[in-house]
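Below: one structure, written as structure tokens.
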Amino acid sequence: MLIAGNWKLNKTLKETKDFFKEFNKLVSKTQNMILVCPSFPCIPAAREYALKKIFIGAQNVFFEEKGEFTGEVSVSQLKSFCDFIVLGHSDRRNKFSESNELINKKVKAAMKSNFNVILCVGETLNERNSSKTNSVLEEQLTKSLSGVALKKLFIAYEPVWAIGTGKNASKEDIIQAHSFIKQTLTKLFGEKGKKIQILYGGSVKPENAKEILSLPNVDGVLVGGASLDPKKFAEIANHKK
Ligand code: PEP
């Protein structure tokens, strides 16, 4: 199980240190893989203060290595601190207009440097209401993973309408979407595609994590809001299947 936290644009350096002071004690015995993704300036401190067994990740990266790309961060700049990169989050797609084509370049750059990539996919409420969920997921997966030589890849199914809204998808929605994602990955990558782990994200909290993590084809969760609180995130991270 991978229990991943996306801190988005939250926490200062001091808050990052304070988080791990408390969180480390609470998760010292868990068997799950834990990942925390702070914003760029807090990544080195997270690496320094988190228990060694906690993975640290970035929330984004640029695909070029160096040059005139003001404000961007490259894969090799992250390499000393990070194990994972989250790409294609709906914040990036919807608030920063990232296309599947751009995400594809980022996935390729991150994989070339042997990062674990978490590729986020998910439909908006409008798309769900007009029965486009499967076609959106298929398009996001196919285009974002086009020409990718498969290495360490996770998919996070994050229905956009369930992110930060307190509304999580129903059991049936999650089962259906994860099964469709598995089928699509199998079409794209054959047997290897079947083994790609799929996380669910969207208003995961200690109260609903147990049920979500027990569903078929759910190999972990990507947690936003609840990952900011060491007690809540530890409760999720300590889940036993
Ligand atoms: C996220 O940030 O990817 C997320 C799922 O957020 P939340 O858990 O707050 O809905």
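The values are calculated or read from the model by the stated rules, or taken from the named source; none is laboratory data. Only a predicted model underlies this, so the values are computations on that prediction, with no experimental measurement involved. Here the Cβ positions follow ideal geometry from the backbone for every residue, glycine too, while neighbour counts run over all protein chains shown. Each accessible area value is taken on the protein alone, full model and side chains, heavy atoms only, with ligands, DNA and RNA left out. Shrake-Rupley method; radii C 1.70, N 1.55, O 1.52, S 1.80 Å.
Odds and ends about this structure:
- Charges were assigned to the Cβ only: +1 to each Lys and Arg, -1 to each Asp and Glu. The resulting dipole of the chain about its Cα centre is roughly 700 debye.
- Taking the accessible area of the chain, probe 1.4 Å, and keeping the other protein chains in place, the carbon and sulfur fraction comes to 52%.
- Pairs with C-alpha atoms separated by more than 21 Å, drawn from the list LYS52/LYS192; LYS79/LYS112; LYS132/LYS167, are LYS52/LYS192.
- The chain: mean projected area of Cα convex hull, nm²: 12.1 nm²
- Remark: relative contact order (the chain) = 21 percent; criterion is Cα-Cα distance under 8 angstrom and separation of 6 or more residues.
- The share of C-alpha pairs in segment 1-113 whose separation exceeds 18 Å stands at 52 percent.
- For segment 124-241, fraction of C-alpha pairs farther apart than 24 Å, in %: 27 percent
- Axial C-alpha extent at least 30 Å, average Kyte-Doolittle at least 0.0 - helices from the chain (DSSP): none
- A crude spin-label estimate for the pair LYS194 and ASN126, with each label 7 Å from Cα along the Cβ direction, gives 3.9 nm.
- 222 nm mean residue ellipticity, helices alone, for the chain (DSSP H n ≥ 4; -39,500 (n - 2.57); rounded to 500): -12000 deg cm²/dmol
- Per residue, in Å², the accessible surface of the chain once ligands and nucleic acids are set aside, probe 1.4 Å: 48 Å²
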